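The structure appears right after this line, and notes come after that.
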Amino acid sequence: MNKRTIRDVRGVLDQHAERRSLKDYARAGKQTVRAISEEKLLGLLEAVVDEAISSEAGAVAKRDRGRIVAAARDQLGKVMKTQGDLSAKIERQAATIDESNTRIDALVAERDALQALIDQSKQAEEKATQQTAEAQRKAEQATARADESARAAEEAQRAAQAADTRAEQAEREAAEATQQAEQASRERDLLRTETLAAVKAAEAATEKQRQAASENLRMSDETIAKLEGELGAVRSDRRRDKDRTAALQTEVRERDEKFAQLKGEFGELRARLEERTAALAAAREELARQSQELRVAQELSREAVAAQETARHHDSEQAQTAIAALQRELHAMQGTLGAMAEQRGPDDSTVEAIVARLSHQEQAAARDLEKRFDETLGRALSEVERSLRRVSARPVDHPVEATDALVSKIFDQGAAASNYDQLGIEVRRSPRRIGNSIEQLRALRGKRAPSPDSPPPSETPS
Amino acid sequence: MAADTDSVKVPENSSPEHPATPSAQGKSDTKGNGPTKGMAATQGASGNVSPTDDIVALGRGLDVGTANLLSAAQVGDGEPVVRAERNAFLQLPKEFTVNRQMLTNLKVPYVAYEDRLYVLGNSSFDLANLLSNEVRRPMLGGFLSPNERDAIPMIRFMLERLLGEPNEPGEACWYSLPAPSIDSDNDTVYHEGVVSSLLNKLGFTPRPINEGHAIVYSELGDSDFTGITVSCGGGMFNVCVAYRAIPAVTFSVSRGGDWIDEHVARVMGIPRTRATAIKEGSTSEGRGLNLAAPQTREEEAVVLYYRSLISYVLQNLKQRFELAQDVPQFSEPVEVVVAGGTSLVGGFTEIFAEELRSVSLPIPIKGVRRADDAFTSVVRGCLIAAALDEQG
């Protein structure tokens, strides 16, 4: 308790305390006096107030706090769980992506290595082709030399034949020439043999190199095919991995969008609920107001009817009382007349006159009563009607021609300055004439026999 | 019944003369004068109108459309003369307010209102391009725009320009009114009230007529005024089913040429003006669009949205037939007539007929045709109603 509060309580205690001395108590016959310390009293009050506040506030605060904390804990748990799931998924996807990237790098390196092998085998093939061309050229050169030797041998033979016409020298020369020719021929053969051997060797070497080159080529083709197959497989794996990654990312995005959408929908639902609650409260208020009005109307109606009934009953009673009184008077008069008739003897005309006068008076009185009754009833009914009208009165809608007022305001601002009178306006003549249509419609109207007051075919939208 | 003479067929691939949207300019035979004395032709600054073109009959027609305003009167022997103006305006910057003579020299009509200068109608589009500004539209979706504060004064000035003074006080002026839309919450009361009040103030006796019903008057004379009409405007499509000139079913949908432009621009990622130009066949390529044979992806998108809109209208018409209790039973096949600027694109009637076949309406259909002068169908129908009103 703060000092101000303590001062206030002290003030109250001082205000309500009664100050007396012990002698006064003794004088009053009091033997014992119970005294309570002011400080202790303040302390007790403070304790009571604190107890009351804390128990009330504590209970409420504890209840609300517990509820709020539980709700927040649940919500937090859900959000954390969702976040954890999403984080785990993202980590898994990141790992998958890293793995795919690593694999892709490895495959790219392998592809590069295979490409290098392919290049090397291509170079070897080119070299073998060059060697083959070289061997072929050498073979051609050897063949040319063999042809030259053959021509030389032929020339020697011709020289030997020309020497036959001469003598022994010619024979010797011929023999020598023959020998030379034979030698040349041998040399030629030898040369041819050597050439053929060289050609064969060259062809063999060429064939060998060609086979080697073909083998290399075949191996290269197989290697290339194999490498291409592997590359294709690597590519398809890579594509698959990429697609999978994209699908996972799409899935994550979709989940996020759905989460946001659900959140939005939750907000909308909450707003709609609040609107409906407010509308319901307003409807209830309106219903209460209308019920109250109805009750008032019913009471007024009952009062009016009761008033009417009372008036009618009262008038009816009055009328009946008057009629009863008149009847009693009539009976009395009749009795008197009878007595008089008995005393004086029959005097029909006098009796008739008196009876007639009494009847006339009675009829006049009855008419008067009836008239008063009708007037009273009419007043009562009018009062009831007024009451009912008052109860059921509603504001009368009076449509105001707002558009006329608005348009008048625009026209009242006066004519606007313009250059219309100096400029023309586009005019077009429609190729379709309307005379026939007008006549046809007029005839159609005539067939339907419209009344003179029937409106022309003005259409407000249906 | 004899057909109207001088009907002109609109070639399928021609550019629309007065489309529902801003880019193209209309063509005209003659230039008339301003609104000083009704539509009687007096010599104007640019006029070459014959002095015998006086108005011969009372009664005016007025088409109050989202994209265009048109007025019509009778001259000669039942020949309607139509004045048209784009339903748009442009507020000029202050520096123009002191140089009004220049505007007159450039043949730009202006009006000064509340210390501001406005250019009205067709010229507003040219100046808007020049000044890199946007025109403002008094109407939106077939009705007065609630967001345009100067809508009513601008409509007033344009109507003054189109109608001029009445030939006699209280001359009947029948104006087109759209039916309530089945797909949006529009209210005809305010729009009808304002237009009626404006015409009253201008000295006319206003009478509204449903837009689709006006086309029945102008296009179905040969069919005993029995059939189905569709007014294809910039802001909305209006449908009317009539039997012997009496409308049995009328409704509108709040989609029109502007809806097609907007969606094509969005899905193609192009400016809206480009979408409009493609639809109207006024691109730099110079080739008109034919809905039955699109050439580019953008044209295909236009066709897609045209088909979607036509199918939407026909499905709703079918539903109205099935739900309405007082629809007449047509024993003979009836004609479907389409009109309005949005129907002027090439191939429109073909795809309309295709969509009609797929919808299968519960009444026999003879065929689909476009009004011979589709741009002026509504205003001619209004003029016919006005002539009947005045002449009995």
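Quick note: the coordinates plus some simple rules give every number you see, no bench work behind them. On a predicted model such as this, the values are computed, not experimentally measured, just so you know. Positions of Cβ are backbone-derived with ideal geometry, glycine not excepted, and every protein chain shown enters the neighbour counts.
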(request) For every other residue with a beta carbon closer than 13 angstrom to the beta carbon of A:Leu191, add +1 if it is Lys or Arg and -1 if Asp or Glu, then tell me the sum. (result) 0
(message) How high is the relative contact order of segment B:150-205? Use alpha-carbon pairs under 8 Å, at least six apart in sequence, and give a whole percent.
(response) 51 percent
(message) With just the Cα atoms defining each centre, how far is segment B:256-315 from segment B:212-226? Give it in Å.
(response) 29 Å
(request) Between B:Ser145 and B:Leu106, with labels modelled 7 Å along Cα→Cβ, what's the label distance in nm to one decimal, could you check? (result) 2.1 nm
(message) Taking 51 Å as R0, compute the FRET efficiency from the Cβ-Cβ separation of B:Glu322 and A:Gln292 and round it to 0.05.
(response) 0.60
(request) Lys and Arg at +1, Asp and Glu at -1: add these up for the other residues within a Cβ distance under 12 Å of B:Asp389 and post the number. (result) +2
(request) Add +1 for every Lys or Arg and -1 for every Asp or Glu among the other residues with Cβ under 12 Å from the Cβ of A:Arg302, and state the total. (result) -2
(request) Would you list, by chain and number, the aspartates and glutamates whose Cα falls below 19 Å from the Cα of A:Lys263, excluding same-chain residues fewer than 8 positions away? (result) A:Asp74, A:Asp85, A:Glu251, A:Glu254, A:Glu274, A:Glu275
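Relative contact order for segment B:201-330: what is it in percent, counting Cα pairs under 8 Å that are at least 6 residues apart?
16 percent
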(message) Under a crude label model (7 Å from the Cα following the beta-carbon direction), how far is A:Asp221 from A:Leu76 in nanometres?
(response) 7.4 nm
(request) Could you work out how far apart the two model spin labels at B:Ser358 and A:Ala109 are, taking each label as a point 7 Å from the Cα in the direction of the beta carbon, and quote it in nm? (result) 5.9 nm
(message) As an exercise, use a Förster radius of 60 Å and the Cβ-Cβ distance of A:Ala281 and A:Glu329 to find the FRET efficiency, rounded to the nearest 0.05.
(response) 0.30
(message) Return the Rg/Rh ratio of segment A:97-272 with Cα-based radii and a Kirkwood Rh.
(response) 1.66
